[in-house]
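Some notes on the structure that comes next.
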Amino acid sequence: MSQQIIPLTEIQKRLREFKLSGMMSALEIRLKQATEEGLSYTEFLSLLLEDEVNRRADNKRSKLYKKAKLPFEKGIEDFDFSFQPSIRKQEILELATCRFIEKKTNLLLIGQPGTGKTHLSVALALAALGRGKTVLFTTVWDMITLLQQSRADYSYQRKIQSYLVPDLLILDELGYRSMAESTVEDFFEIVSRRYERGSIIITSNRTLVEWDTVFIDKTLTTAVVDRLMHHCSLVEIKGESYRVRKR
């Protein structure tokens, strides 16, 4: 009895149903390659499996980058260390190995506006994403605003969780505005619950001794600093602004 040959379109349909999109999209090309090069069944199947693995890796990478919400993409190779000699390039390269994320320690980048703090945080985020780490970038005030709004629709705990899940949380622009008591409590909630559980990078235009003008509540200031700095690297940038130079 002759065996019925399944049409190519039907095979592709079944591959799609089995969520094997990598194999489905490459099937026609691989069939042509197998015919022209005389590939064995094993070689043909190996190539299709490799296509599936690559497609899934690309999809995972794409999702990681999308969820990170980076404001731009600039790596360490794009940073001008010669313009900011106060930064030790070797220290940044060591941070880019992401060992600090694996150890669940923090990083504080302090410097005046325009000195490259956000650039460095994004560069380290890209290094982390390249190693398959989960990342979330947000400004401090975007986070605080969303947490305050979430109290109104009773989604506060779910929103808090979204800042606890990533391997690396980047909080940009701390210090541009002072925090009222309720907003300090939200900030402390994130810091305390990530303490020794997940890494935080904070960029700030204010030195640590000036943080009591940001948080107002002296007790909470001490508590925040204590948890952040217990396991933390500090990079202080003392150069001038890139934006001022360009102008």
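Since every read-out is calculated from the coordinates, none of them should be taken as a lab result. Note that the coordinates shown come from a computational prediction; the quantities given were computed from them, not determined experimentally. No Cβ is skipped: glycine too gets one built from the backbone with ideal geometry, and neighbour counts run over all protein chains shown.
Against the main long axis of the alpha-carbon atoms of the chain, helix 8-17 sits at an angle near 30°. The share of alpha-carbon pairs in the stretch 163-205 lying farther apart than 14 Å comes to 51%. Take the Cα of ALA223, step 7 Å toward its Cβ, do the same at SER241, and the gap between the two points is 3.5 nm. Applied to the stretch 95-104, the Karplus parametrisation 6.51 cos²θ - 1.76 cosθ + 1.60 on θ = phi - 60° returns per-residue 3J(HN,Hα) values of 4, 5, 6, 6, 5, 5, 6, 5, 8, 6 Hz, with x for Gly and Pro. Computed on the chain, the Cα convex hull volume stands at 206 Å³ per residue. Rg over Rh for the stretch 1-136 works out to 1.23, both radii taken from alpha-carbon positions and Rh defined as the Kirkwood radius.
Put simply, the amide H of CYS232, placed in the peptide plane, has neighbours under 5 Å in ASN106, leaving out anything fewer than 5 places away on its chain.
So who's got an amide H within less than 5 Å of the one on MET179, skipping anything under 5 residues away but keeping other chains? H placed 1.01 Å off N, in plane. The answer is PHE215, ILE216. By the equivalent-ellipsoid construction on the alpha carbon gyration tensor, the stretch 120-215 comes out with semi-axes of 21, 18, 11 Å, ordered largest to smallest.
Considering only Cα atoms, the convex hull volume of the stretch 8-67 works out to 82 Å³ per residue. Compared with the dominant Cα axis of the chain, that is its longest principal axis, helix 41-68 is turned about 20°. Normalised Debye scattering of the stretch 78-133 at q = 0.15, 0.24, 0.25 Å⁻¹ gives log10 I(q)/I(0) of -0.43, -1.05, -1.12, counting only Cα atoms as equal scatterers and leaving out solvent.
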